[in-house]
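First comes the structure, then the notes that go with it.
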Amino acid sequence: MGRLELSPRLRSVAELVPLGARLADVGTDHAYLPAWLLREGRVAAAVVSDLRPGPLDRARQTAERFGLTGRMDFRLCDGLSGLSPGEADTVVIAGMGGETIASILAAAPWSREAGRTLVLQPMSAQEDLRLWLMEHDCRIVREVLSREGETLYVALLVTAGEMGPLTPAELWAGRQSREDPLRGLYLEKLIGKTERAAAGLRAARGGDPVRLASREEVRAGHRQM
Ligand SMILES: C[S@@+](CC[C@H](N)C(=O)[O-])C[C@H]1O[C@@H](n2cnc3c(N)ncnc32)[C@H](O)[C@@H]1O
């Protein structure tokens with residue numbers, strides 16, 4: 001059967017899943033996350049979905065390998081379209097771009113109702129996802145960082161409810177705990193990225209002054225964090 005170890009990124013996602021959850025893992029691919037959570041007895045049930053048959057076959061293989069066939073439900077579908085609201089109280093969407101995550105949530109308003117938990121791990125466009133959440137009555141309760149080699153990842157614990165407005169700097173950098181040991185490095189990397197973006201906009205002939213002002217505001221905000 002072998003041991004099932006999660007990478008630091010998936011481990012940080014797993015730590016945000018409430019104990020006893022009825023889990024939906026959207027875009028599951030190899031299904032390592034739900035397999036680990038089921039084996040550790042941390043979730044009561046798991047439905048896994050993927051848009052493509054290949055990844056869903058990998059998920060079935062993982063379930064078989066770890067003796068979980070019959071404890072995982074498989075759905076070949078776009079986002080949450082193949083699930084009914086009664087099947088899950090916790091939805092994980094990890095390893096996808098922030099815009100894709102937002103479009104999956106937009107298509108399934110039930111996933112954002114009171115009493116549900118979302119665990120989101122965007123690989124890009126974190127600022128777009130935070131903005132989308134803020135505009136759709138979702139509250140970021142916690143943000144955690146993880147590191148694999150030189151790459152840092154952020155995972156968000158989200159519930160229904162209003163969140164105070166985020167400043168442009170917070171949209172970019174999030175609101176992780178100041179105690180998070182990776183926060184300094186995360187901010188450094190973001191500052192580098194926003195400085196390169198602002199320099200590019202300044203250099204571009206006819207650069208968009210509104211975008212430039214927003215990047216400058218982000219840089220100023222970072223310095224105060
Ligand atoms: C990079 S993998 C991430 C796998 C796993 N969630 C993780 O974090 O390690 C992204 C997976 O999401 C699937 N996917 C992309 N868009 C999707 C959508 N709209 N609905 C369901 N699955 C989707 C892809 O087919 C792929 O298997």
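The values are calculated or read from the model by the stated rules, or taken from the named source; none is laboratory data. Since the model is a prediction, treat every value here as computed from it, not as a measurement. No Cβ is skipped: glycine too gets one built from the backbone with ideal geometry, and neighbour counts run over all protein chains shown. The accessibility values were calculated without ligands, DNA or RNA, using every heavy atom of the protein model including side chains. Shrake-Rupley method; radii C 1.70, N 1.55, O 1.52, S 1.80 Å.
If you take the residues of the stretch 3-17 that are open to solvent by 50 Å² or more (accessible area, probe 1.4 Å) and part of a loop (DSSP other than H, G, I, E, B), which of them is nearest to residue 81 (Cα to Cα)?
Kept after step one, since they are open to solvent by 50 Å² or more (accessible area, probe 1.4 Å), are these residues of the stretch 3-17: 3, 5, 8, 11, 15.
Remaining after also requiring part of a loop (DSSP other than H, G, I, E, B): 3, 5.
Numbers: 3: 32, 5: 30 Å.
Checked the stretch 3-17; the qualifying residue nearest to residue 81 (Cα to Cα) is 5.
Return yes when residue 128 is farther than 25 Å from residue 185 by Cβ and touching a helix residue (DSSP H, G or I) at 6+ places or on another chain (Cβ under 9 Å) and no when it is not.
no
Considering only the stretch 37-58, state which residues are buried (at least 22 other Cβ atoms within 10 Å of the Cβ) and either within 12 Å of the ligand (Cβ to nearest atom) or closer than 15 Å to residue 104 by Cβ (or both).
Looking only at the stretch 37-58, we keep the residues that are buried (at least 22 other Cβ atoms within 10 Å of the Cβ), and these are 37-38, 43, 46-50.
Within the stretch 37-58, 47, 48, 49, 50 qualify.
Checking the condition touching a Pro at 6+ places or on another chain (Cβ under 7 Å) and either open to solvent by 40 Å² or more (accessible area, probe 1.4 Å) or closer than 19 Å to residue 143 by Cβ (or both), which residue from 70, 115, 97, 86 passes?
The conditions single out 97.
Looking at 28, 62, which is the one that is open to solvent by less than 20 Å² (accessible area, probe 1.4 Å), within 14 Å of the ligand (Cβ to nearest atom), of a type in the set (Ser, Thr, Tyr) and outside any helix (DSSP H, G or I)?
Unique residue meeting the criteria: 28.
Of (1) touching a strand residue (DSSP E or B) at 6+ places or on another chain (Cβ under 7 Å); (2) open to solvent by 20 Å² or more (accessible area, probe 1.4 Å); (3) not aliphatic (A, V, I, L, M), residue 34 satisfies all except one. Which?
With (1) touching a strand residue (DSSP E or B) at 6+ places or on another chain (Cβ under 7 Å); (2) open to solvent by 20 Å² or more (accessible area, probe 1.4 Å); (3) not aliphatic (A, V, I, L, M) applied to residue 34, the lone miss is (2).
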